[in-house]
Amino acid sequence: MRLPKLRELKEAVRAVVSPRFTTRFPAEPCIVPDRYRGKPEFDPDLCVGCGACVNVCPTKALTQVDEVNGDRSIRKITLRYDTCIFCGNCQDGCTTERGIELSNQWDLAGLDRESMAEVHEHELQLCEKCGAVIGTKKHLVWLYEKLGPLAYTNPSLLLAKNAALWKNGSGGNGSEGAKTPTEAAPKEMQTRDFMRILCPKCKCELNIRL
Ligand code: SF4
Ligand code: SF4
């Protein structure tokens, strides 16, 4: 019989008396380091629904769909964390810089892949002339606030901010601050269209024609 080498014996004795290197998960929670890359988390206050993170996601774990409906048009941003590789591109490319951040959540195992998705909804702003999607209402308001006085060069941003104020009840008598796409004006451009929320195409046409 081969006898164990001295080095192996030393390792065995050291392993018996030293603290363990593994955790007792799931009997005890496993605490990961602060910089651990776990499941991305949206911040509902700081995410404006612009979709920039969707464009930089390499695995299509983030997707977006615009559902245009007369009464309420919404953008749905879906995060599938079963296909996320925790690369952090979404966090790095976020327009507001804090709309999505990787968390320390790592225990994401499950038996049902369909439940490994979360959907975030944002109300869309449509062009009041042609009904095309401009972006989310929250994004337009964020742009207005970011631009400060420069926003006064863009009536659509001013009107979007105004509409948000009416909606939040700080606009006075409670009447609507913006027209819905169903109230869209006649097709031909008119001077009063300057005071509508327009998509870039309609704005360009308006500036050329009038
Ligand atoms: S961490 Fe990477 S893979 Fe996961 S959602 Fe963000 S960009 Fe996509
Ligand atoms: S880039 Fe940021 S603000 Fe835009 S949708 Fe993604 S998380 Fe939200």
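The values are calculated or read from the model by the stated rules, or taken from the named source; none is laboratory data. Being a predicted model, the structure only gives us computed values, none of them experimental. Using ideal geometry, Cβ is built from the backbone for each residue, glycine included, and neighbour counts are taken over all protein chains shown.
Can you pull out every residue in the range 43-63 that is hydrophobic (A, V, I, L, M, F, W, C) and either touching a Lys or Arg at 6+ places or on another chain (Cβ under 9 Å) or more than 7 Å from ligand 2 (Cβ to nearest atom) (or both)? Working first, answer last.
So the first thing to find is which residues in the range 43-63 are hydrophobic (A, V, I, L, M, F, W, C), and the list is 46-48, 50, 52-54, 56-57, 61-62.
Result: 46, 47, 48, 50, 54, 56, 57, 61, 62.
Inspect the range 42-62 for any residue being polar (S, T, N, Q) and either touching a strand residue (DSSP E or B) at 6+ places or on another chain (Cβ under 7 Å) or more than 16 Å from ligand 1 (Cβ to nearest atom) (or both) and give the result as yes or no.
Taking the range 42-62 first, the residues polar (S, T, N, Q) are 55, 59.
Checking which are either touching a strand residue (DSSP E or B) at 6+ places or on another chain (Cβ under 7 Å) or more than 16 Å from ligand 1 (Cβ to nearest atom) (or both) leaves us with none.
No - not one qualifying residue is present in the range 42-62.
Given the options 161, 129, name the one that is basic (Lys, Arg) and in a helix (DSSP H, G or I). If you could, list the steps in order and put the result at the bottom.
Working: 129 fails: in a helix (DSSP H, G or I).
It is 161.
Looking at the range 144-158 only, could you name the residues that are within 17 Å of residue 196 (Cβ to Cβ) and either part of a helix (DSSP H, G or I) or touching a strand residue (DSSP E or B) at 6+ places or on another chain (Cβ under 8 Å) (or both)? Explain how you work it out, then say what you get.
Of all residues in the range 144-158, those within 17 Å of residue 196 (Cβ to Cβ) come to 144, 151-158.
Selection gives 144, 151, 152, 153, 155, 156, 157, 158.
So in the range 100-112, with the set limited to residues that are farther than 15 Å from residue 85 by Cβ and more than 19 Å from the chain's Cα centre (by Cα), which one is farthest from ligand 1 (Cβ to nearest atom)?
Filtering the range 100-112 for residues that are farther than 15 Å from residue 85 by Cβ and more than 19 Å from the chain's Cα centre (by Cα), the one farthest from ligand 1 (Cβ to nearest atom) comes out as 111.
State whether one or more residues within the range 99-110 are in contact with a helix residue (DSSP H, G or I) (Cβ under 8 Å, 6 or more places away or on another chain), surrounded by 21 or more Cβ atoms within 10 Å (Cβ to Cβ) and either closer than 14 Å to residue 64 by Cβ or of a type outside the set (D, E, K, R) (or both). It would help to see each step written out before you state the result.
Restricting attention to the range 99-110, the residues satisfying the condition of being in contact with a helix residue (DSSP H, G or I) (Cβ under 8 Å, 6 or more places away or on another chain) are 99-102.
From the residues that got through so far, the ones that are surrounded by 21 or more Cβ atoms within 10 Å (Cβ to Cβ) too are 99-100.
Within this subset, residues satisfying the condition of being either closer than 14 Å to residue 64 by Cβ or of a type outside the set (D, E, K, R) (or both) are 99-100.
Yes, that holds for at least one residue.
Could you say which residue among 67, 97, 128 is closer than 30 Å to residue 203 by Cβ, more than 14 Å from ligand 1 (Cβ to nearest atom) and in contact with a Cys (Cβ under 9 Å, 6 or more places away or on another chain)?
Working: 67 fails: in contact with a Cys (Cβ under 9 Å, 6 or more places away or on another chain); 97 fails: in contact with a Cys (Cβ under 9 Å, 6 or more places away or on another chain).
Only one candidate qualifies: 128.
How many of the residues making up the range 159-198 are charged (D, E, K, R), at pLDDT 55 or above and under 21 Å from residue 138 (Cβ atoms)?
Looking only at that region, the number is 3.
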